[in-house]
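> One structure, as structure tokens, below. Some questions next.
The values are calculated or read from the model by the stated rules, or taken from the named source; none is laboratory data. For clarity, every value in this text was computed on a predicted model and none was experimentally measured. Heads up, the Cβs are rebuilt from the backbone with ideal geometry, glycines too, and the neighbour counts pull from every protein chain shown.
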């Protein structure tokens with residue numbers, strides 16, 4: 001198994017979290033740690049030299065984003081499993097064993113994520129993944145342990161292994177052969193929701209995405225791109241539309257996209273009212289980019305749909321999570337009726 005850590009000008013995060021990964025990774029030939037340096041311009045390389053005997057360093061010549069960094073890096077690694085882990089994640093002891101056991105027990109398990117908790121509020125689930133990702137009937141992502149702005153405290157309520165819809169890119173285990181066979185992370189996403197898109201493709205191919213809460217990590221979150229920033233708002237809205245275009249079955253895809261455009265318009269109005277002017281116009285930019293490149297997304301859709309075995313609905317909430325949360329007052333995953 002290869003633990004692949006992508007970094008860009010994050011020497012401070014490497015200094016904080018890399019030694020823990022090294023200390024908890026078995027030293028047998030079956031395991032390897034790979035730091036993919038996405039064209040850093042700080043002193044990352046100088047810091048990594050001290051671990052030369054314990055890690056492998058892959059240098060990406062030009063920083064083209066999260067997805068391209070992994071594309072270049074993973075293409076140089078020979079392993080049966082990849083663990084793609086963010087540079088702002090702290091691992092815990094025995095974080096690998098429960099995940100490996102899940103893969104070994106079921107050949108249909110394609111992706112696994114650990115329980116992801118907040119680094120600064122260690123009793124809470126973390127926004128980007130929590131105890132496993134889901135989407136609602138309209139393509140809105142949420143998590144077991146986090147719905148929109150509500151983060152639950154971890155009281156052991158989500159300890160069971162569970163088939164989910166998507167796994168967080170903060171700590172993402174995937175079978176290497178499936179990663180390459182599926183085309184891997186989509187370069188056009190650059191960052192954000194690329195892992196949901198990959199999971200969706202694998203589910204439609206017949207593979208399971210699993211949450212493994214016995215493995216636990218802590219995510220700093222927002223250390224690379226701040227939550228709520230214009231850049232993050234832009235990529236979340238644009239990439240969600242691309243993801244829906246690629247993966248929904250033909251009988252519903254355009255209805256889903258038109259509904260999403262309407263809901264985005266409401267989100268835009270809400271942000272204007274709240275004084276979030278710059279982030280709000282990122283939604284407009286996201287829509288413009290989506291429509292300007294529509295022929296490209298349609299082509300990607302044809303390629304993706306040709307790989308589908310059966311459109312999978314496991315992990316899809318059959319109601320509107322927007323309505324349930326904002327109108328129905330259902331703030332926790334355990335409040336939802338499936």
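> I'd like to check something: does region 63-70 contain any residue that is in the same structural domain as residue 211 (by TED's automatic domain parsing), under 19 Å from residue 201 (Cβ atoms) and over 17 Å from the mean Cα position of the chain (by Cα)?
There is no residue in region 63-70 that is in the same structural domain as residue 211 (by TED's automatic domain parsing), under 19 Å from residue 201 (Cβ atoms) and over 17 Å from the mean Cα position of the chain (by Cα).
> Here is a further query. Do we have any residue at all in region 311-322 that's over 25 Å from residue 145 (Cβ atoms) and either assigned to a loop (DSSP other than H, G, I, E, B) or touching a residue at least 12 places away in the same chain (Cβ under 8 Å) (or both)?
Going residue by residue through region 311-322, those that are over 25 Å from residue 145 (Cβ atoms) are 311.
Then drop every residue that is not either assigned to a loop (DSSP other than H, G, I, E, B) or touching a residue at least 12 places away in the same chain (Cβ under 8 Å) (or both), which leaves 311.
Taking every residue of region 311-322 in turn, at least one turns out to be over 25 Å from residue 145 (Cβ atoms) and either assigned to a loop (DSSP other than H, G, I, E, B) or touching a residue at least 12 places away in the same chain (Cβ under 8 Å) (or both).
> Is there any pair with a first residue in region 180-202 that is at positive phi and assigned by TED's automatic domain parsing to the domain that holds residue 309 and a second that is modelled with pLDDT of 95 or more and crowded, with 19+ Cβ neighbours inside 10 Å whose Cβ atoms are under 9 Å apart and which are 6 or more apart or on different chains, and what are they?
none
> Consider residue 235 carefully, then state whether it is in contact with a helix residue (DSSP H, G or I) (Cβ under 8 Å, 6 or more places away or on another chain) and either closer than 21 Å to residue 320 by Cα or at pLDDT 95 or above (or both).
Numbers: in contact with a helix residue (DSSP H, G or I) (Cβ under 8 Å, 6 or more places away or on another chain): yes; either closer than 21 Å to residue 320 by Cα or at pLDDT 95 or above (or both): no.
No: the conditions fail for residue 235.
> Check region 144-159 and report whether any residue there is closer than 23 Å to residue 21 by Cα, surrounded by 21 or more Cβ atoms within 10 Å (Cβ to Cβ) and assigned by TED's automatic domain parsing to the domain that holds residue 82.
For region 144-159, residues closer than 23 Å to residue 21 by Cα, surrounded by 21 or more Cβ atoms within 10 Å (Cβ to Cβ) and assigned by TED's automatic domain parsing to the domain that holds residue 82: absent.
> With the requirement that a residue be in a strand (DSSP E or B) and at pLDDT 95 or above, what does region 58-81 give you? Break it down into steps so the answer makes sense when it comes.
To start, the set of residues in region 58-81 that are in a strand (DSSP E or B) comprises 58-59, 81.
Hits for region 58-81 are 58, 81.
> Separate question: Out of 130, 118, report the one residue that is touching a strand residue (DSSP E or B) at 6+ places or on another chain (Cβ under 8 Å), at positive phi and not assigned by TED's automatic domain parsing to the domain that holds residue 253. Give the derivation first.
Working: 118 fails: at positive phi.
Result: 130 is the single residue among 130, 118 that is touching a strand residue (DSSP E or B) at 6+ places or on another chain (Cβ under 8 Å), at positive phi and not assigned by TED's automatic domain parsing to the domain that holds residue 253.
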